[in-house]
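Just so it is clear, none of the values below were taken in a lab; they were calculated from the coordinates. Predicted model only: the values in this text are computed from it and were never measured. Glycine gets a Cβ as well: all are built from the backbone with ideal geometry, and neighbour counts include every protein chain shown.
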Amino acid sequence: MVYRLEDLNWMEFQKLVPKKIDTIILPVGTIEAHGVITLGTDVQIPQKIAEMIAEDLKAIIAPPVYYGVTRSLYHYPGSLTVTSQTFENYLYEIIDSMAEKGFSKIVVINGHGGHLNELKNAAFKVHKARKAKIAVVHWWILCEDITKQVYGVAGGHGAVDETAGILEIDKSLVRKELYKKGMAYKFDEALSVVPVPSSIILYKENEGYPDFDEEKAKIYMQKVAEKIKKMILEVFRKWDALKL
C-alpha cells in the first residue's frame, strides 16, 4: 500500500510513524521550460519515481516541492524561481520537520540540476542537528547508464530522458507537434549564455534528441525506478549495519 502524507489523518499518522514506517520520500524540482514537455517536468518525474518505489521502501510519499532555483532558463515564459538561500532554508525546515515528526530515513528525489548544493547543505544541516539519515538522489545523473542502455545516447535537458519520463506519466503532456530538431542546443562548458538559446539542451553532440516512442519510455522508467530503488535499499542496509 502506498501512503501519501497529505491523505493521512493525524491519528493514522500517529499509529504509523515511526513504529511501522520510519521513511519518507520528498520529490523536489522546479518550474521551468523543457522544450515540448511540461514546465513541471522536474517535479513530475521525481513524483512518478516516488510512486513506483515507495511500497518497496516502506515509505510515505510527501507532497512535492515545486519551486526551486531556476537560472539560465528563467526568462522563458512560465519559468519561475526562488533565491538560493530561500530554497535552502525552506528545504532545511521541511526536512527538519520530517525528522522531528519521527522519520529517521529521508529520501529526497531531485529532478533539477540548478540547486544541487542547496540540497546537499540542507540535508547536512538536518543530519547534524537531528542525526536523521538523508539520501538525496539526482535521478538523471544516477541513471545516465540507463539512458544509454535504452536509447543508445546521452540524456539532456528537455531531451530524451526527461521526455521519456513525461511520456510514461501522461503522453498528452508531450507536445510532439511543437518539436523541431533544430530546437536543440548543444551545451558547451566553455560558453556561458543567459538565457540558454533553447530549452532542449544536449550534453553530447548529436545525442539526446527527444524520442516519442511510448513503449521505450515505459521500459526506461521501469529501469530507472528499479535502479534507484536498489541503490536506496543498499544505502539503508549499510546504514542499519552502522548502528549509528
Nearest-ten-degree value, helix 84-100 long axis tilted from longest Cα axis of the chain: 30
5 angstrom amide H check on Ile134, placed H, neighbours 5+ away: Ile106
Over the Cα atoms of region 160-244, what radius of gyration and what Dmax do you get, in Å? 17.7, 54
Neighbour cut-off at most 14 other Cβ (10 Å), DSSP loop, GluC sites (Glu not before Pro), region 136-206: Glu189, Glu205
The answer for the longest stretch of the chain without any exposed trypsin sites (Lys or Arg not before Pro) (DSSP loop, at most 10 further Cβ atoms within 10 Å) is 21-130
With all distinct Cα pairs included, what does the Kirkwood hydrodynamic radius of the chain come out to in Å, to one decimal, could you say? 18.6
Inter-probe distance in nm under a simple model that places probes 7 Å from Cα toward Cβ, at Asp7 and Lys180: 4.3
Applied in sequence order to region 135-149, the curve 6.51 cos²θ - 1.76 cosθ + 1.60 (Karplus, θ = phi - 60°) yields integer Hz couplings, x standing for Gly and Pro, of 10, 9, 10, 8, 4, 5, 6, 4, 9, 4, 5, 5, 4, 5, 5
Connecting C-alpha atoms closer than 10 Å in a GNM of the chain, tell me which of Asp213, Asp161, Asp170 has the biggest fluctuation. Asp170
Summing -39500 (n - 2.57) over every DSSP H run of at least 4 in the chain, dividing by its residue total and rounding to the nearest 500, the 222 nm mean residue ellipticity is -14000 deg cm²/dmol
Once you have the Cα-Cα distance between Lys20 and Glu51, take 0.36 nm times their residue separation minus that, and quote the gain in nm to one decimal. 9.3 nm
If Asp56, Asp211, Asp145 are placed from fewest to most neighbouring beta carbons inside 10 Å, the sequence is Asp145, Asp56, Asp211
Considering only Cα-Cα distances, which of the following residue pairs are longer than 32 Å: Lys128/Lys148; Lys125/Lys171; Lys131/Lys204; Lys181/Lys218? Lys128/Lys148; Lys125/Lys171; Lys131/Lys204
Length gained if Lys243 through Asn89 is fully extended, taking 0.36 nm per residue and subtracting the Cα-Cα distance, is 52.5 nm
